[in-house]
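Contents: one structure, followed by commentary.
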Amino acid sequence: MKFFTEGPVIYEITTIVRADLIENYEKYMRGQHIPDLLSTGFFSQVFFTRSSENRYRIQYHAHHQKALDEYLQKDATRLREDFAKHFPAGIEVSRENWEILENWQTKGEKVKKTKGGKV
């Protein structure tokens, strides 16, 4: 059962990277994996973040649930296989989908609020 609306969704990947792989992992993500994923056209933006020396979170903002479903069907296997070829061991990966319920942004001193990712 799907509960997502027609608005944007976040495809979130959390990784825990073995210490000796951190430099190569960051280089690969910035230089190849994230640009390759964005080139599919199913996502509008990506946040590549770190909470500790070896724990990362990547948030891929899909245009809507249908775009994420199409990505998972058409491109995810290819990109996951490439990732596994570069890092066959030493990285724990978990994936989760998030529906955007509301969003607040500041524009100067005014606050813009959206529901379901729509203005």
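Quick look at the numbers
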| read-out | value |
| --- | --- |
| Close pairs from segment 31-50: first touching a residue at least 12 places away in the same chain (Cβ under 8 Å) and closer than 21 Å to K66 by Cα, partner part of a loop (DSSP other than H, G, I, E, B) and open to solvent by less than 50 Å² (accessible area, probe 1.4 Å), Cβ under 9 Å, at least 6 apart | D36/D75; L37/D75; T40/D75; F42/D75; S44/P8 |
| Filter result (under 26 Å from R18 (Cβ atoms) and open to solvent by less than 80 Å² (accessible area, probe 1.4 Å)) within segment 39-53 | V46, F48, T49, S52 |
| Residue within segment 15-24 that is touching a Phe, Trp or Tyr at 6+ places or on another chain (Cβ under 6 Å), open to solvent by less than 80 Å² (accessible area, probe 1.4 Å), on the phi < 0 side of the Ramachandran plot and touching a residue at least 12 places away in the same chain (Cβ under 8 Å) present | yes |
| Within segment 14-25, tally of residues that are over 17 Å from E96 (Cα atoms) and part of a strand (DSSP E or B) | 1 |
| Residues of segment 30-73 classified as of a type outside the set (S, T, Y), under 9 Å from the mean Cα position of the chain (by Cα) and part of a strand (DSSP E or B), total | 10 |
| Top-ranked residue of segment 103-119 - restricted to ones that are surrounded by fewer than 14 Cβ atoms within 10 Å (Cβ to Cβ) and in a loop (DSSP other than H, G, I, E, B), ranked as modelled with the lowest pLDDT | V119 |
| Qualifying position, being open to solvent by less than 60 Å² (accessible area, probe 1.4 Å), over 17 Å from N97 (Cα atoms) and either at pLDDT below 95 or not basic (K, R) (or both), among Y56, Y28, Y71, Y11 | Y28 |
| In segment 74-102, the residues that are open to solvent by 60 Å² or more (accessible area, probe 1.4 Å), assigned to a helix (DSSP H, G or I) and not basic (K, R) | T77, E81, H86 |
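The values are calculated or read from the model by the stated rules, or taken from the named source; none is laboratory data. Please read these numbers as outputs of a predicted model, since none were measured by experiment. Here the Cβ is made from the backbone with ideal geometry for all residues, glycine too, and neighbour counts use every protein chain on show. Please note that ligands, DNA and RNA were not included when accessible areas were found on the heavy atoms of the full protein model with its side chains. Shrake-Rupley method; radii C 1.70, N 1.55, O 1.52, S 1.80 Å.
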